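Undergrad: Okay, here's the structure, questions in a sec.
Bear in mind that the values in this text are calculations on the coordinates, not laboratory data. Because the structure is a prediction, the values reported are computed rather than measured. Glycine gets a Cβ as well: all are built from the backbone with ideal geometry, and neighbour counts include every protein chain shown.
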Amino acid sequence: MEFGEYQAKAHETSIVPKIGEMFVYPTLGLAGEAGEIANKIKKIFRDKKGIVTKETEEELKKELGDVLWYVAELATQLNLSLEEIAVLNIERLQSRKVRDMIQGDGDNR
């Protein structure tokens with residue numbers, strides 16, 4: 001599935017009323033889902049000695065899917081293309097790699 005197709009299909013399932021007016025909802029949802037993933041990873045180390053079981057893998061797939069949905073809906077609410085976001089991100093990462101700047105911090109390295 002292409003990013004644009006996913007973004008459109010994800011938005012069809014949204015209950016957020018109007019594009020461009022409700023970007024707070026997907027932002028908060030994204031933060032919440034990222035926290036759920038972090039919590040599951042924590043429990044892998046706490047309870048399962050760092051071993052990812054098939055059951056945990058399936059749970060993480062669902063949570064990562066939720067993160068993807070919120071990213072897509074946030075992009076939609078901000079009138080941004082998920083495809084363009086993905087392309088820009090890869091271009092930035094490839095540039096950092098070529099310049100040996102993958103490590104470190106700062107958005108504009």
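Undergrad: Hey, can you list the DSSP H helices of the chain whose Cα span along the axis is 18 Å or longer and whose average Kyte-Doolittle score is at least -1.0?
TA: Answer set is 24-47, 54-77, 82-98.
Undergrad: Right, here's the next one. Between (1) 12.1; (2) 8.9; (3) 6.9, which entry matches mean projected area of the Cα convex hull in nm² as derived from the coordinates of this structure?
TA: It is the value labelled (2).
Undergrad: While we're on this one: Distance between Cα centroids, the range 33-92 to the range 1-27: provide it in whole Å.
TA: Here the two parts' Cα centres lie 16 Å apart.
Undergrad: Next question, about the same structure. With each run of n ≥ 4 DSSP H residues scored as -39500 (n - 2.57), what mean residue ellipticity at 222 nm is computed for the chain after dividing by its residue count and rounding to the nearest 500 deg cm²/dmol?
TA: -23500 deg cm²/dmol
Undergrad: When you count, for each residue, the other Cβ atoms within 10 Å and take the mean per peptide, how do 24-32, 68-76, 88-96 rank with the highest first?
TA: Those peptides, ordered most packed to least, come out 68-76, 24-32, 88-96.
Undergrad: How long is the gain from N79 to K49 if the chain were fully straight, where each residue apart is worth 0.36 nm and the alpha carbon distance is subtracted?
TA: Gain in length upon complete extension: 6.5 nm.
Undergrad: Need one number: nm distance between label points at N89 and L64, each 7 Å from Cα along Cα→Cβ, rounded to one decimal.
TA: 1.2
Undergrad: Cross-link list K18/K97; K48/K97; K9/K40; K9/K42; K9/K48: which exceed 30 angstrom alpha carbon to alpha carbon?
TA: Pairs exceeding the cut-off: K18/K97; K48/K97; K9/K42; K9/K48.
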